[in-house]
Structure formats: C-alpha cells, structure tokens
There are 2 protein chains.
Amino acid sequence: MVQYRQIDRTLGAIADPTRRAVLERLGRGGDATISELAEPFEISLTGMKKHVGILERAELVTTEKVGRARRCRLGPRRLDELESWIQSYTQMLEARLDRFGAMLERNQTGATK
Amino acid sequence: MVQYRQIDRTLGAIADPTRRAVLERLGRGGDATISELAEPFEISLTGMKKHVGILERAELVTTEKVGRARRCRLGPRRLDELESWIQSYTQMLEARLDRFGAMLERNQTGATK
C-alpha cells in the first residue's frame, strides 16, 4: 500500500486550473473573501468554498472568519517537496534518454562494421 | 471559464502516489508489462490499466502491444511547464512574505517611537 502524503494533497490541490488561479489571485492581489474570489471566475459561492477548502487542507491557503465573511490568504507552505520530485524525475528521464541514445549508437556502429 | 491544458493532465496524473511510483519504476527499472507493474503494488490488472491509461493520456508513458501483453515505457514528456509554474509561485510567495515582513517592521518602528 502506498501512503498518501503531503505531496499528494499539494498535487491534488494545484491540479485544478481554478485553484491555481485562486492561488495566483491571492498571491498578486492580496487577501480576499470567498465572494470576491468567486466573482471573476463566475462560479457559485458553494463551488468556491469547496475549492478553498481543498487549498486549505493542502495548507496552501489559510482562512479567517471576519464578521459574516471568510477572508482567505496565501498560506506559508512552499512547494519544495514537489520541486525536488520533479528534479529527480527529470534526472531519471535524462539518464534513460542517454542510455537509449548510447544503445542506438552501439547498434549503428555494429551495423556499419 | 478556465481551459484545461496539458499542465492539468500532468498534475492530475502525478497527483496519485501509485502513478508516481509507476513512473519511477519505469524510469529506473526500464520497460515493463502491465502485469509486471501491477505485481509489486498488489493492485488488480484492471486497476493498473486505469493508472497506465491516465499516464498515457498525460503523455508521461507510451505503451505498445507485444503479443498478448502491453509493454509500457517512460514517455519523452518533460515537466518543464510545471516546474516554471512552481518557480513563479515560489517567487510570488516570497514577495508576499517580504511585503508582510516590511509591514510588521513598519508597525514595530511606529510602536517604539
């Protein structure tokens, strides 16, 4: 059994384009209420609450009840773990392509001899 | 309306720990059939076929029918687009933390005057 970890929650959270856009909105435009977030995306308050909930569980967003509204801000979580995974994937891919290239070259050298 | 793009398929594909493990298995261990992939994960052939299908649609894996088996290998797709998104997110997060720090400092200076 593979265990679900923080990286799965992070990836699940940012896999949705609306949620990535919400993160960018909060990052560049500053804190916002759920309704302020919902408006430009033309989705319902309930829909936006769900998206924010997923981002909150992934610790990418923190929220605070202020009167009747819920203010959202960017959480402090960095994406270092994900970045490391991508880097190690890229290295693995390059090593594989190198091996494949070397094999092709060996076969070609063999064929022309 | 937000448009679904390649980055969404990539993120959706790698958000699952079994699928990330399959990519690592193919990268380090070389090509494998669906049953060879299914065995160490103790999941059904049908389950593994679904995972491989999602990786294939994200172009992270290519498959080829060889006799009665389907051989899987790592696709050539790199994760550059995702890496750029993470880098721009990190820069945005740092800029936000800097602004927050500067604000705290201003408030503190004001309080001690």
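Rounded to a whole number, what is D in µm²/s for chain B from Stokes-Einstein with the Kirkwood radius over alpha-carbon pairs (20 °C, 1.002 mPa s)? Can you show the working numbers first?
Values: Rh = 16.9 Å.
The Stokes-Einstein estimate is 127 µm²/s.
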Item to check | Sequence-distant residues sharing a close amide H with residue A:75 (under 5 Å, placed H) | outcome: A:61, A:62
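Given contacts defined as C-alpha pairs under 8 Å and at least six residues apart, what's the relative contact order of region A:1-77, whole-number percent?
Values: 80 pairs, mean separation 25.2, N = 77.
Result for region A:1-77 is 33 percent.
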Checklist entry - Counting Lys and Arg as +1 and Asp and Glu as -1, each charge on the Cβ, what is the dipole of region A:16-77 about the Cα centre in debye, to the nearest 20? => result 180 debye
Item to check | Gain on full stretching of the segment that runs from residue A:105 to residue A:50 - 0.36 nm per residue minus C-alpha separation | outcome: 14.5 nm
Checklist entry - Counting only residues 5 or more places away or on other chains, whose amide H sits under 5 Å from the amide H of residue B:43 once H atoms are built in the peptide plane? => result none
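Between residue A:97 and residue B:66, what is the FRET efficiency for a Förster distance of 25 Å, r being their Cβ-Cβ separation, to the nearest 0.05?
Numbers: r = 21 Å, r/R0 = 0.86.
With R0 = 25 Å, the Cβ-Cβ based efficiency is 0.70.
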Item to check | All aspartates and glutamates inside 18 Å of residue A:65 as judged from Cα atoms, apart from same-chain residues fewer than 8 positions distant | outcome: A:31, A:36, A:56
Checklist entry - Quick one: Karplus J couplings for region A:21-37, per residue in order, coefficients 6.51, -1.76, 1.60, θ = phi - 60°, nearest Hz, x for Gly and Pro? => result 5, 5, 4, 5, 4, 5, x, 8, x, x, 3, 7, 7, 4, 5, 4, 6
Checklist outcome for this item: Interchain or sequence-distant (5+) residues whose placed amide H lies within less than 5 Å of the amide H of residue A:33 are A:72
Checklist entry - For peptide B:77-85, how many partner chain Cβ atoms fall within 10 Å of a residue's Cβ, on average? => result 4
Checklist entry - A plus B alone minus the pair: what accessible area, both sides summed, probe 1.4 Å, in Å² to 100? => result 3800 Å²
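Enumerate by residue number the GluC sites (Glu not before Pro) in region B:1-66 meeting two conditions: DSSP loop (anything except H, G, I, E, B), and at most 16 other Cβ atoms within 10 Å of the site's Cβ. Intermediate values should be presented prior to the final figure.
Details: sites: B:24, B:36, B:42, B:56, B:59, B:64; in loops: B:42, B:59.
In loop regions of region B:1-66 (DSSP not H, G, I, E or B), the sparsely surrounded GluC sites (Glu not before Pro) are B:42, B:59.
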Checklist outcome for this item: Phi-derived 3J(HN,Hα) across region A:90-106 with the Karplus relation (6.51, -1.76, 1.60, θ = phi - 60°), rounded Hz, x for Gly and Pro, is 4, 4, 4, 5, 5, 4, 5, 5, 4, 4, 5, x, 5, 5, 4, 5, 4
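On the accessible surface of region B:11-110, probed at 1.4 Å, how many percent belong to carbon and sulfur atoms? Provide the component values of the computation, followed by the final result.
Working: 2770 of 5550 Å².
Roughly 50 percent of what the probe reaches on region B:11-110 is carbon or sulfur.
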Checklist entry - Can you give the accessible area per residue of region A:10-113, in Å², using a 1.4 Å probe? => result 57 Å²
Checklist entry - So, in Å, what gap is there between the alpha-carbon centers of region B:47-106 and region A:71-113? => result 12 Å
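The values are calculated or read from the model by the stated rules, or taken from the named source; none is laboratory data. Quantities reported herein were computed from a predicted structural model and do not represent experimental measurements. So basically every Cβ, Gly included, is an ideal-geometry build from the backbone, and we count neighbours across all protein chains shown. SASA here: full protein model, heavy atoms, side chains in, ligands and nucleic acids out. Shrake-Rupley method; radii C 1.70, N 1.55, O 1.52, S 1.80 Å.
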